[in-house]
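Accompanying notes for the structure given below.
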Amino acid sequence: MTMHYDVLIIGGGLSGLSSAALLAKRSLRVCVVDKGYCPGGSCGAFRRNDVIFDQGSSMLFGWGERGFNAHRFLFNCLEENIDIIRHEVLYRVHFKGHEITFYPDIKQFLEQLYPLFPNQREQLQKFYADILCMYEHVILEHPSYTTADEVDKKVALLSMINHPISYIKFLSYLNTSARNLLEKYFSDPGLFNFFDKLTSTYCYTTVEESPAILASVMFVDNHVGGSYYVAGSTLFLPGKLEKVIEEHGSEIINSTTVVSILFENHKPCGVLLDDGRSLYADNLIYSGTVWNLYGSLLPFEHTTEQKRAWAQNQEPTYPSVVLYATVERSVIDERSLAVEMLVGRIDALDEEEVTVYIPSLDDRTICASDEHIVIAIGPSFGSWKELDEASYQKRKVEERQRLLSVLEKRWPTLEDHVRYAEVATPRTIERFTLKNNGAVAGPKQMLGSHMFKRLHTRTEWDTLFCCGESTVMGTGTPTVTTSGIAAANAILKKLNLPLFVYEKKQKQYVHLIKPPFTEEQLYASQDKRQNEIQKAARRCLFCEHPSCAKLDELDVRGIMRRVVVGNFIGAKRRLESFGDADFLQYEHNCIKDEAVAIKDVCSYLQTTSF
């Protein structure tokens, strides 16, 4: 039987899932194909023992009542409830022996910079006042959750009419660097180094590379919108999107790779999977990297040498390494924040420039009460690709030690109190997310290859659309979410279906809660039985290689993962697709000493109507 859908989506990262959920909400039949066995890509999560680690994204923007709140807009459109922890303080940067804490209040933040740059006090005040004014006029007054190439000209015109000076100034930043913008205000070289660290952390570019139009928004949006963590771990963010997709009759095919895009009458019409199956659709959305699209998925005869060269010449962000660790709780001092940025060299990017996430400071449900989770990510400039297995394993041990040593400069004695630690290398990142050579942020959003010079939402074929980090918006969870919204709306517009657009009185489905988030709060709104079932499912390790059941027998990890986030309809459908099963036998095969209650969870699904 040939499977045909309204829309096929290649890649189950945040952008692809956002598109899929919106299109499913409009009653289109959607299928997402993803390489991972858990959805989310860089915004996914994984288990080690009884600890939940964020695979990549651990500090999230875009959930606030104000600011560029694309995540809030998305969940309001989907009418899907989600609990979000707001960091009371955004994050901290360790710069030249000083701690600079990013408070929501810009004035409070600036008070820390004045002693460092005493001759730039007035200039700092003016700079932030100017870009904040522009931000309020262009971004806040007329919210538009779309990419620059899909912007509604009427909305843009309205903004320009109301604030012509701010809008013209904003557009003038399109083809100038952040450094050129900063030079209009500052003369102290140290300030350029400081802003350099901000752009390299968020955009993976220096102030000389960063387009001023992006940097100017970034410098103020964090303060206005705030930073957040998903209550219960980032497992809930892609999990809730998967829930919407499956509740509306669409599906996700996990652990499967698209090997090529199929054509008919010179237009993309489907995909060939690595298991030999072919799937077809009226429209396709691609959410991966530009290099994989033009380098392997699109047949050679359907692209041009010029287009392939353009894709190949997109410069990648630097490869990254990630340390995932659990440490004794006492090691992390009381002054620690959930996000801290450790700066290495002041005048250049080096491997000691590490961003540290400690999500367990604000969410106490993701590890044991006497420990903390520490995730450290930074650049890796050495070559990993050509290493043989022995050399590769040796290098991983060295990287683990190096990153722990970097962390000890901030948290002395940390290394002596590590309970568990593993390293994801650029090769690991590429294996799990298909991000070429471990470039976690895709192509650099840099002058000369930014905005309109990147992959657009619409391609040269009217049946193929794109979203994700390679597209116009670029890096970060709010921006890739926006690209997913834009791709969904482009297809809805093509089909003459209602678009998802901002409405002032939209009902709110994002619930902000204060840290710390505790076990007592987890599933607190559910009845007693459902609470018990979800907590039982949460004990599943989502093993990469399950021992409880072969994947062709019963997808235990997929069922448990869905139950954890409240996707009971998807879990029940997954259970029923495997027919009769010996749940107790699977429970006996569980890798945990105290087995996950597989039989209890599955019996609940079988006997309950949702």
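The values are calculated or read from the model by the stated rules, or taken from the named source; none is laboratory data. Values in this document were obtained by computation on a predicted structure and should not be read as measured data. Don't worry about glycine lacking a Cβ; one is built from the backbone with ideal geometry, like all the others, and counts go over all protein chains shown.
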Just checking, which of S369, S405 is without any contact (Cβ under 8 Å) to a residue 40 or more places away in the chain and more than 15 Å from T425 (Cβ to Cβ)? S405
The stretch 304-336, residues that are more than 29 Å from S383 (Cβ to Cβ) and surrounded by fewer than 20 Cβ atoms within 10 Å (Cβ to Cβ): T304, Q306, E328, R329, S330, D333, E334, R335, S336
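Which one is nearest to F517 (Cα to Cα) among residues in the stretch 364-387 that are β-branched (V, I, T) and part of a loop (DSSP other than H, G, I, E, B)?
Of everything passing the filter in the stretch 364-387, T365 is nearest to F517 (Cα to Cα).
Looking at T428, T475 in this structure, which one is part of a loop (DSSP other than H, G, I, E, B), surrounded by fewer than 24 Cβ atoms within 10 Å (Cβ to Cβ) and of a type in the set (V, I, T)?
Numbers: T428 fails: part of a loop (DSSP other than H, G, I, E, B).
None of the other options fit; the residue is T475.
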Looking at D188, is it among the charged types (D, E, K, R) and under 27 Å from the mean Cα position of the chain (by Cα)? no
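One residue is enough: does the stretch 125-136 have a residue meeting the conditions in a loop (DSSP other than H, G, I, E, B) and either touching an Asp or Glu at 6+ places or on another chain (Cβ under 6 Å) or outside the structural domain of K453 (by TED's automatic domain parsing) (or both)?
If we filter the stretch 125-136 for residues that are in a loop (DSSP other than H, G, I, E, B), which is where we start, we get none.
Looking for residues that are in a loop (DSSP other than H, G, I, E, B) and either touching an Asp or Glu at 6+ places or on another chain (Cβ under 6 Å) or outside the structural domain of K453 (by TED's automatic domain parsing) (or both), one finds none in the stretch 125-136, hence no.
Would you point out which residue out of I598, I559, I533 is at pLDDT 95 or above, among the β-branched types (V, I, T) and under 20 Å from K35 (Cα atoms)? Outline the logic, then answer.
Values: I598 fails: under 20 Å from K35 (Cα atoms); I533 fails: under 20 Å from K35 (Cα atoms).
Checking each option against the conditions leaves just I559.
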Give the residue that is nearest to Q120 (Cα to Cα), with candidates limited to residues of the stretch 159-203 that are out of contact with any helix residue (DSSP H, G or I) (no Cβ under 8 Å at 6 or more places or on another chain) and surrounded by 14 or more Cβ atoms within 10 Å (Cβ to Cβ). G190
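Can S15 be described as at positive phi and either at pLDDT 95 or above or in a loop (DSSP other than H, G, I, E, B) (or both)?
no
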Residues being in a helix (DSSP H, G or I) and small (G, A, S): count how many of those fall in the stretch 184-239. 7
If we keep just the residues of the stretch 247-272 that are more than 21 Å from the chain's Cα centre (by Cα) and farther than 19 Å from N283 by Cβ, which is surrounded by the most Cβ atoms within 10 Å (Cβ to Cβ)? E247
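Just for the stretch 328-357: of the residues that are part of a helix (DSSP H, G or I) and not aliphatic (A, V, I, L, M), which one is nearest to the chain's Cα centre (by Cα)?
At the first step, the residues of the stretch 328-357 found to be part of a helix (DSSP H, G or I) are 329-331.
Those left that are additionally not aliphatic (A, V, I, L, M): 329-330.
Values: R329: 27, S330: 30 Å.
Among them, the one singled out is R329.
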Yes or no: the stretch 374-390 includes at least one residue that is crowded, with 18+ Cβ neighbours inside 10 Å, farther than 25 Å from R92 by Cβ and touching a helix residue (DSSP H, G or I) at 6+ places or on another chain (Cβ under 7 Å). yes
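L60: modelled with pLDDT of 95 or more, closer than 30 Å to K505 by Cα, under 24 Å from the mean Cα position of the chain (by Cα) and outside the structural domain of L342 (by TED's automatic domain parsing), yes or no?
On the way: modelled with pLDDT of 95 or more: no; closer than 30 Å to K505 by Cα: yes; under 24 Å from the mean Cα position of the chain (by Cα): yes; outside the structural domain of L342 (by TED's automatic domain parsing): yes.
So L60 fails the test.
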I'm trying to understand the selection: among the residues of the stretch 388-424, which are in a helix (DSSP H, G or I), more than 26 Å from S330 (Cβ to Cβ) and touching a Ser or Thr at 6+ places or on another chain (Cβ under 9 Å)? Y392, R395, K396
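Is there a residue in the stretch 462-480 that is farther than 30 Å from G56 by Cβ and in contact with a Pro (Cβ under 8 Å, 6 or more places away or on another chain)? First the steps, then the outcome.
Filtering the stretch 462-480 down to residues farther than 30 Å from G56 by Cβ leaves 462-463.
Cutting the leftovers down to in contact with a Pro (Cβ under 8 Å, 6 or more places away or on another chain) gives us 463.
Among the residues of the stretch 462-480, at least one is farther than 30 Å from G56 by Cβ and in contact with a Pro (Cβ under 8 Å, 6 or more places away or on another chain), which makes the answer yes.
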Does the stretch 77-97 contain at least one residue that is at pLDDT 95 or above, under 18 Å from V480 (Cα atoms) and either surrounded by fewer than 22 Cβ atoms within 10 Å (Cβ to Cβ) or not charged (D, E, K, R) (or both)? yes
If you scan the stretch 342-354, which residues turn out to be closer than 13 Å to L407 by Cβ and surrounded by 21 or more Cβ atoms within 10 Å (Cβ to Cβ)? V354
What pairs come out if I take residues in the stretch 187-205 that are under 20 Å from T477 (Cβ atoms) and pair them with residues that are β-branched (V, I, T) and in a helix (DSSP H, G or I) whose C-beta lies under 7 Å away, six or more apart or interchain? T205/T199
Which one is surrounded by the fewest Cβ atoms within 10 Å (Cβ to Cβ) among residues in the stretch 478-520 that are closer than 23 Å to S42 by Cα and touching a His at 6+ places or on another chain (Cβ under 9 Å)? V510
When the stretch 70-86 is checked residue by residue, the ones that are among the small types (G, A, S) and more than 16 Å from the chain's Cα centre (by Cα) are none
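Here is a check on your reading of the model: is Q120 farther than 30 Å from L361 by Cα and either touching a residue at least 40 places away in the same chain (Cβ under 8 Å) or in a helix (DSSP H, G or I) (or both)?
Working: farther than 30 Å from L361 by Cα: yes; either touching a residue at least 40 places away in the same chain (Cβ under 8 Å) or in a helix (DSSP H, G or I) (or both): yes.
When the stated conditions are applied, Q120 passes them.
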Check on G566, on the phi > 0 side of the Ramachandran plot, touching a residue at least 24 places away in the same chain (Cβ under 8 Å) and not hydrophobic (A, V, I, L, M, F, W, C): yes
